[in-house]
Every structure is written in structure tokens, then in C-alpha cells.
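*Asks:* Got a structure here, written out as C-alpha cells. Questions coming.
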Amino acid sequence: MPNLDVLLIHPPVAKPGEPPAGLAQLKSALKTAQVSCEIIDANLEGLYSLIHSVTQAEHRRTRMALRNREKNIAALHSLETVQNFDNYKRSVLEINHLLGEAGNPYQTLITFTDYKQKEFVPVRSHDLIRAAEQPERNPFFKYFSSLLPRIEKLAPQVIGISLIYLSQAITSFALIGQLCRAFPHTKLVLGGGLITSWMSRPDWKNPFVGLVDEVIPGRGEKKLTALFHKAQKNNFHVPDYHNVEWDHYFSPGRVIPYATSYGCYWRSCTFCPECAEQNRFDPVPHDQVFDNLNTLAAHKPALFHFLDNALSPSLLKKIARRDMPAPWYGYARFTPELEDPDFCYALRQSGCVLLQLGLESGDQHVLDKMQKGIQLEAVSRILHHLKKAGIATFIYLLFGTPYETIAEARRTKQFVLDHADCINYINPALFNMPVFSDESERLSTRPFYEGDLSLYHSFDHPKGWHRDRVRHFLSDEFTSHSVIRKILNANPPLFTSNHAPFFTDFYKSVR
Ligand code: SF4
């Protein structure tokens, strides 16, 4: 007799700084509908297993990483570590080095955030199927094998694999291969953000028939509940983080991820997959947001991580009137509310320690063409107000869009230099054209590499500002500038925005 209805698995590799929020949400929804559910964070467990699998050291660097292994792991679980950025950085990089060593025999590059295996392209369905057929070629094979007796004991009727990031694709399918062999009669379903994006391609045709029983787009709770002939009455649930091994996550403090909405309320930026995929905006009712946060506060978070693409101004206004149960950070847009210094101060008082803000360009014409809906004069005012209020800023920049040339890119650089004292972190990225976006249809495009599941195209830049020229600009002019380099060097390696809030003044003063 089966004991469990649904087992949800979060496969490697994804940043292991916090538990997987989507699965916690799903578990809660299923339990409310009387469908029993458990979660295995195979990402966290698998990474630990690889870190501890390295025993031999040929090189001095590996010997040192092995010697410091437990000390470094302990350091990444302690708020003490944020007092000394260099020590923190060394701990992250030494543990990450061990992941690299564990991947080497498999010709696989493994980091805390990435997974690249020679001969397996994660956007080629043929390669994903091959990964399932040859799971022993995967560095996580031994760890996945150790999972099988546990799964057998749970005896789930359905196993759900959540595939969110491309760095999880090859390992997800290697795991699926092992599950198919060990449990041929158990229903296997595949869902998650990446599956949703793949399924939004107009030419989508399920290539995984025969390997998994169902692929489920979107949030999945209705479909999964229906498998048990039950129905979902409520759309939004407080994520279920019971049984989470909080202190195992690689984070200086306990971080609770929480989404106050799905999709994006703005949904206008021309370069954004949210628009290309036409995802619906679905906000959690505000009263429920605050109730849920109060409930989640019982887990004693050091930080709430809001997962929204952009916190809506209406919610921010309500947050600003409250004393939130824990410090928090998340994405917001440069909206008029933030032009009021008192509003920024109120946000800080509510517990906001850092805002992630998509500036993309320091050129107004480019911003207008992107339909960002922001004015540079306003951005300038907002950055100063946030600085004054004590809220750190993580600014996202996008180079190489079809509207940009080197002249506009240089204006972006100048904007950053002019506001360097108000910018704590920057993330300069190279533009990728979403396939099936309106822009993509207007330009001459090519796939980055052969892959039927690719979500981005390479394109002929209409003004000749091609990727190699953009890359040169970034290395020769942008990142090499001493002021910009200093900002970039402050970025926590690999964990970036996930750990950045811990290096704000607020946490530096907490011991
Ligand atoms: S605000 Fe962000 S998520 Fe929303 S459309 Fe623009 S880029 Fe996309």
C-alpha cells in the first residue's frame, strides 16, 4: 500500500541559499486538499554529497580547500562571517573549488550556481533523453542512488520533479532515468519554471513522452490535486516550510523565500520573457500576504526574500506602513512612490535592507524603446533617497539591446559613475533575445547553439553593436574602470544578490 501521495524533488544545481519556495507552496496547496506530500531538496543534499566526495588532492589549492572544508561550511552558516568579506569570499570559493573537483572526472563544470557537462546540451531534448538513458555518467549518480531506498520507503504514488533553471536540466533527466529504472510503475511528472517557458513556445511538442507521464506548466497545484480526484478551493497558500533543515542552507542567516505575486504587474519591457511568454499577473491578496508573513515568522527568519519579478507599488505602500516581522529584500521598479524621501525612509523602517532595481540603461532613448517606463531624472532622485534612508541598491544593467550603440553604452557607464556613491551592487548583463518575442520577429536571428528548447536567439544587431563588440566594451571600458571595479568587487561571489543583503549596514551591526 502506498504511504505517500506526492513526493516533490528539487534537483541540482541551483543556488543552495534557501529552500525551494515553489515546492513549499505546492506542498501547502496539496495538503490543504488532503493530498499528502513530502519534499526532498536533492539540490542541497546533492551538493553536500559532492563537496564531501572529494578525498584526494593533487594540487595545493585542493589540499587547502579540503583542510578548511568543515570550517568553511560552518562559516557560511554564521552571521559572524559577514564581518569580514575577504574571509567570507575565501570560504565560498574554497567550497566551490571542491564542487569543481567533484565534477572533473565527469568532464563537468559544477559550481554553486551552474552545471555544464561536456556532450550534453541542456536545451537539446535529444541530450536530455540521453542523460536519462545514461544516469551513471552524471556526477550526482551516487547521491541519486542513495535516494532510492528513501523513496522506496516513502512509496509515493506520484513523484514530481521541479525544473526551474537550465543548470538543473541535465541532472533532472539523469535523476528521471534512475527513477524510471527503480520505480517503473510510479507516476512521474515534470513541472517548474523552465518547463513552463518551454511549453510556452508556440512550436512546443512534448519530446519526453514515454519518459515522464505528464509535463505540467504553471504553478501545478490544480493539476496535481486533480490526479487524486480532489479540487483546490483556494489559489494562494502559506508555503509549508515544516521539516526544512534550515541550518544546512548555505546562508549566513535563515532566509525565507516568499512570492507576493506571480507574473509581473508591469509586463511591458520589450526584452523580457515575461512579455514574450504572456504570463498572467496573479497577486496574492494583500491581507493574506501579511497573514502569511506573520505565520512564516515562526521559523525565525533572518531575512524575507520576496521573489516577485517586481513588488507592486500598492503592496509597497502597505509594507511601508508596517513593522515587518523580519528584515526583507526584493525587486522593485523605479516608481514615483520612491521619489518621496519619506516613503523610502518608511520602507527602511519596515525592514527593507536592499532593493533590486532594473535600470538596464543610462540612456533615456534606450529606456523608452525598451518600454521600461522610467525617467533617468527620477532614477537619480530615487537612488539618492534610498541611500539616505539606508536601503542598499542592487542595480541591473543590460548591454547590447537592439536600441543601443557604444554611445548609449558609454552613457550608461557615465550614469553609474555619476551615482556610484548610491549604488552598492551592479549586475551588468549581455542582452539575449527571447525567441518568439516581437523584436525577434523584426530582426535577423540565429540560435546560440543547436537546441530545440532554446529560449534565446543570437541576432544581427541593426546598428552593428554585435556581441563581441559589447563584450570588448564591457571588459575594456566598463568593468575595468576603478570605480566600477570597486562596486563589482563588493558583489558576493556566486551567491550575489542572495547574500548581498547580509553585507548591508544592518547586518554588519548585528552580532
Ligand atoms: S519589470 Fe521586470 S519582470 Fe516586469 S516586464 Fe519589466 S523586466 Fe520583465
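*Asks:* Note down all Cβ pairs under 6 Å where the first residue falls in region 204-218 and is within 21 Å of GLY22 (Cα to Cα), the second is assigned to a loop (DSSP other than H, G, I, E, B) and open to solvent by 40 Å² or more (accessible area, probe 1.4 Å), and they're at least six residues apart or on different chains.
*Replies:* VAL215/ASN206
*Asks:* Here is a further query. Name the residue, out of PHE431, PHE394, PHE399, PHE436, that is among the aromatic types (Phe, Trp, Tyr), in the same structural domain as ILE484 (by TED's automatic domain parsing) and surrounded by fewer than 19 Cβ atoms within 10 Å (Cβ to Cβ).
*Replies:* Selected residue: PHE436, the only one of PHE431, PHE394, PHE399, PHE436 that is among the aromatic types (Phe, Trp, Tyr), in the same structural domain as ILE484 (by TED's automatic domain parsing) and surrounded by fewer than 19 Cβ atoms within 10 Å (Cβ to Cβ).
*Asks:* Okay, moving on. Could you identify the single residue in GLY253, GLY263, GLY330 that is within 16 Å of the ligand (Cβ to nearest atom), open to solvent by less than 60 Å² (accessible area, probe 1.4 Å) and touching a Pro at 6+ places or on another chain (Cβ under 9 Å)?
*Replies:* GLY263
*Asks:* Moving on to the next point. Give region 134-172 a look and list any residue that's part of a helix (DSSP H, G or I), open to solvent by 10 Å² or more (accessible area, probe 1.4 Å), among the hydrophobic types (A, V, I, L, M, F, W, C) and more than 14 Å from TYR115 (Cβ to Cβ), or say none.
*Replies:* LEU148, LEU154
*Asks:* Let me ask something else about it. Mind counting the residues in region 483-500 that are under 16 Å from CYS422 (Cα atoms), part of a helix (DSSP H, G or I) and either within 25 Å of the chain's Cα centre (by Cα) or polar (S, T, N, Q) (or both)?
*Replies:* Of the residues in region 483-500, 7 are under 16 Å from CYS422 (Cα atoms), part of a helix (DSSP H, G or I) and either within 25 Å of the chain's Cα centre (by Cα) or polar (S, T, N, Q) (or both).
*Asks:* ALA226 is checked against (1) without any contact (Cβ under 8 Å) to a residue 12 or more places away in the chain; (2) touching a Lys or Arg at 6+ places or on another chain (Cβ under 7 Å) and fails just one. What number does that condition carry?
*Replies:* (2)
*Asks:* Moving on. When residues of region 49-70 are filtered for being part of a helix (DSSP H, G or I) and either of a type outside the set (Ser, Thr, Tyr) or within 23 Å of LEU147 (Cα to Cα) (or both), how many remain?
*Replies:* The qualifying residues number 12.
*Asks:* Write out, first by first residue and then by second, each pair whose Cβ atoms fall under 6 Å of each other, whose residues are 6+ apart or on separate chains, and whose first residue, in region 343-364, is within 16 Å of the ligand (Cβ to nearest atom) and of a type in the set (Gly, Ala, Ser) while the second is part of a strand (DSSP E or B) and open to solvent by 10 Å² or more (accessible area, probe 1.4 Å).
*Replies:* Pairs found: GLY358/TYR396.
*Asks:* Same structure, new question: Looking at region 265-279, I want the residues that are modelled with pLDDT under 90 and have a partner that is within 6 Å of the ligand (Cβ to nearest atom) with Cβ atoms under 6 Å, at least 6 apart or on another chain. Which pairs are those?
*Replies:* Hits for this filter: GLU274/CYS264; GLU274/ARG267; CYS275/ARG267.
*Asks:* Shifting gears a bit: Which ones in region 69-119 are within 15 Å of HIS52 (Cα to Cα) and touching an Asp or Glu at 6+ places or on another chain (Cβ under 8 Å)?
*Replies:* Passing the criteria: ARG69, ASN72.
*Asks:* Could you list, in sequence order, the residues of region 274-290 that are part of a helix (DSSP H, G or I) and either away from the ligand (no atom under 13 Å from the Cβ) or open to solvent by 40 Å² or more (accessible area, probe 1.4 Å) (or both)?
*Replies:* Within region 274-290, HIS286, ASP287, GLN288, VAL289, PHE290 qualify.
*Asks:* Looking only at region 206-244, filter to residues that are among the charged types (D, E, K, R), at pLDDT 95 or above and farther than 25 Å from GLN278 by Cβ; which one of those is most open to solvent (accessible area, probe 1.4 Å)?
*Replies:* Only one residue fits best here, namely ASP213.
The values are calculated or read from the model by the stated rules, or taken from the named source; none is laboratory data. Predicted model only: the values in this text are computed from it and were never measured. Quick reminder, even Gly has a Cβ in these numbers, built from the backbone with ideal geometry, and neighbours come from all protein chains shown. For accessibility, only protein heavy atoms count, side chains too; no ligands or nucleic acids. Shrake-Rupley method; radii C 1.70, N 1.55, O 1.52, S 1.80 Å.
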